[in-house]
Structure formats: C-alpha cells, structure tokens
Amino acid sequence: MSVAYYIVLDNDDPGFDTFVNGKFLAHEENLNLLCKTLGLKTFDDFLTMSEDDIFAMLGEDIGLPEDEGEQWFSPEEGIAFVVALSEHISANPKSVMNPEGVLSDLAEYADVLEKAKDIGAKWHLNLDI
C-alpha cells in the first residue's frame with residue numbers, strides 16, 4: 001500500500017466525487033518544512049481523525065483527549081493554502097522532488113475544495129496507509 005492524504009468532507013453525500021490522489025503530497029519528505037518556511041500551515045495541521053477513523057486504521061480503540069480528534073476547516077482556508085503552495089512550486093519547481101505530481105495533487109485538492117465551498121461543506125485531511 002501507498003500512503004496518501006485525502007480530503008474528508010462533513011457532508012457524506014456531497015453530490016460529487018471527493019477522490020484526490022494525495023500520494024505525491026504524502027511522499028514529498030520536505031513538504032511540511034516547505035510549508036513552514038512559506039509561513040503556511042502544514043498538511044499535518046489539516047490532518048485530523050475521529051476515534052472511529054483511528055480504530056479503522058489501527059484496529060484498536062484509543063481514547064483521545066477532549067480537545068483532540070476531528071476538526072473541520074473552511075474550504076476558503078484550504079483553497080488559500082493550495083493556491084499559495086501551488087504558486088510557489090510553479091515558480092520554484094526545484095523546491096520539491098516531483099513538482100508535476102505535487103501540482104497535480106494540489107489541483108485535485110483545489111477542485112474538491114471549490115466544490116465543497118459551493119455546497120457549504122467543511123473539510124479536513126485524513127491519512128490512507
């Protein structure tokens with residue numbers, strides 16, 4: 001299996017496909033560092049999981065503190081993040097190992113987040129291992 005970041009919406013039936021590849025993003029070792037350097041949130045900052053998601057991934061129950069667990073973000077925040085990162089990588093392709101793959105993943109994120117904005121859905125990232 002291959003690790004990937006994927007988008008989860010707070011709407012289980014949004015009326016569109018929410019699939020994003022996310023594998024190029026998950027495999028860029030220095031992407032979170034690049035985000036920090038640019039003054040952006042990192043992918044890990046958008047990564048939140050419910051106890052059910054964690055159980056499905058690990059196969060065991062773990063108790064999360066009350067202030068941890070699923071958090072939701074506005075599509076506008078995600079779009080601003082994706083646009084800023086895409087613009088930087090387009091202007092500085094050597095800042096990542098696979099600029100074409102990363103930009104492709106980011107374009108898929110932007111598409112889903114624009115559609116999420118249209119229906120008023122919030123989002124967060126989850127991790128597929």
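The values are calculated or read from the model by the stated rules, or taken from the named source; none is laboratory data. Since we're looking at a predicted model, the values are computed, not measured. All Cβ positions, even for glycine, are placed from backbone atoms using ideal geometry, and neighbour counts span all protein chains on display.
Condition check for F73 on (1) touching a Phe, Trp or Tyr at 6+ places or on another chain (Cβ under 8 Å); (2) modelled with pLDDT under 95: one failure, at (2). Taken over the stretch 1-54, the criterion of being more than 15 Å from the chain's Cα centre (by Cα), modelled with pLDDT of 95 or more and assigned to a loop (DSSP other than H, G, I, E, B) is satisfied by N11, D13, P14, G15, F16, D17, L38, G39.
Pick from the stretch 1-45 the residues that are free of Cβ contacts under 8 Å to residues at least 40 places away in the same chain and β-branched (V, I, T): which of them is surrounded by the fewest Cβ atoms within 10 Å (Cβ to Cβ)? Looking at the filtered set, the residue picked out is T37.
Among the residues making up the stretch 14-33, a single one is among the small types (G, A, S) and more than 25 Å from H88 (Cβ to Cβ): G15.
Within the stretch 68-106, being within 16 Å of the chain's Cα centre (by Cα) and among the hydroxyl-bearing types (S, T, Y) holds for S74, S86, S104. No other residue among W123, W72 is of a type in the set (A, V, I, L, M, F, W, C), exposed (fewer than 15 other Cβ atoms within 10 Å of the Cβ) and closer than 19 Å to Y6 by Cβ apart from W72. For the stretch 74-92, the set of residues classified as part of a helix (DSSP H, G or I) and either more than 18 Å from G39 (Cα to Cα) or of a type in the set (D, E, K, R) (or both) consists of P75, E76, E77, E87, listed by residue number. The residue that is nearest to F46 (Cα to Cα), counting only those in the stretch 80-120 that are β-branched (V, I, T) and surrounded by fewer than 17 Cβ atoms within 10 Å (Cβ to Cβ), is V83.
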